[in-house]
1. Let me check I have the definition right: for the range 143-193, take the eigenvalues of the Cα gyration tensor, multiply each by 5, take square roots. What are those semi-axes in whole Å, largest first?
2. Using only the alpha-carbon atoms of the range 84-149, report the extent along each of the three principal axes, biggest first, to the nearest angstrom.
3. Each label point is 7 Å from the Cα along the Cα-to-Cβ direction; what then is the distance between the points at SER69 and ALA126, in nm?
4. Once you place label points 7 Å from the Cα toward the Cβ at ASP221 and PHE178, how far apart are they in nm?
5. Which of HIS196, HIS90 comes first, and how do the rest follow, when ranked by fewest Cβ neighbours within 10 Å?
6. Using amide H atoms built in the peptide plane, which far-off residues or other-chain residues are under 5 Å from ILE92 H to H?
7. Residue-wise, which Karplus ³J(HN,Hα) couplings in Hz belong to the range 169-185, taking 6.51 cos²θ - 1.76 cosθ + 1.60, θ = phi - 60°, and x for glycine or proline?
8. Exceeding 25 Å between C-alpha atoms, which entries from my cross-link table qualify? They are LYS162/LYS199; LYS208/LYS228; LYS130/LYS208.
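Here, each number is a calculation from the coordinates, and none is a lab measurement. Just so it is clear, the structure is predicted and the values come from calculations on it, not from any experiment. We place every Cβ from the backbone using ideal geometry, glycine too, and count neighbours over all the protein chains shown.
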Amino acid sequence: MLKPRKRITKKELKQDKLVTWYFAVTEYLRNNRKIVSGVVTGLVIAAIVAVAYMNNVRSNNNKAATELSQVLDAFNGGAYQVAINGDPTHNIRGLKYIVENYGGSETGEQAKVYLADCYYYLGDYADAMKYFKDYDGSDRFLQASAYAGVAEVYAIRKDYSKAAEYYERAAASDSKNFMAPQYLVGAARNYMMTGHNEKAVALLTRVKKDFPNSQYADNVDFLMAKAKLLLSEKQSG
């Protein structure tokens, strides 16, 4: 009499699949040593490069922070040319050096905004615009400041439409920034210069609604009345 077939349990089935998989993988590795070796080597190299890159970024950021701390006294004291180029007699490198050598780090990006400010205060609006636009850090406050700097330069050039656009970007990039209502008022003023009074009214209304405790909320009434008057004259005309 034939013996009944032994019933394979789920556990045994899993074990059997595991054994089959093990031998299949082993066979593949044995037959494809060169390919596997190349892949593993590539992954190891990629990991080493990534670690080296992160260490380099961290090192550059620390160096930039040290250099920046030494030049801020000149900037805060209004010695903008010294802040830009440094002071060799005191072994202080300027903001331009920091940006050129550590521009990829967070502190290097911060230095760009300081550098742009220096050029702005010196009346060099072309270089100010260049570095304001070039900011690529992750700090929202600095990004808003950079956008506002671009807006200021456009306003000086009487490109009020672009100025309004960048002021709005400044407000949008950091809505919790205490400067946000100022940026919105700046955008409204520039929209009024281009005849877009409906946009100005909308932004000024937003200042009153979203920032009721800011100093700008108390000072927008005059602008609001003027914008509404100009808007009504345009509609009636």
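1. Numbers: eigenvalues 57, 23, 10 Å².
That gives 17, 11, 7 Å for the three semi-axes.
2. 35, 27, 15
3. A separation of 3.7 nm, rounded to one decimal place.
4. Spacing of the two 7 Å Cα→Cβ label points: 2.5 nm.
5. Numbers: HIS196 18, HIS90 9.
Ranked by crowding around the Cβ, least crowded first: HIS90, HIS196.
6. ASP87
7. My calculation for the range 169-185 gives 4, 4, 5, 6, 6, 8, 5, 8, 5, 5, 8, 3, x, 5, 5, 5, 5 Hz in order.
8. Details: LYS162/LYS199 14 Å; LYS208/LYS228 15 Å; LYS130/LYS208 34 Å.
From the list (LYS162/LYS199; LYS208/LYS228; LYS130/LYS208), the Cα-Cα distance tops 25 Å for LYS130/LYS208.
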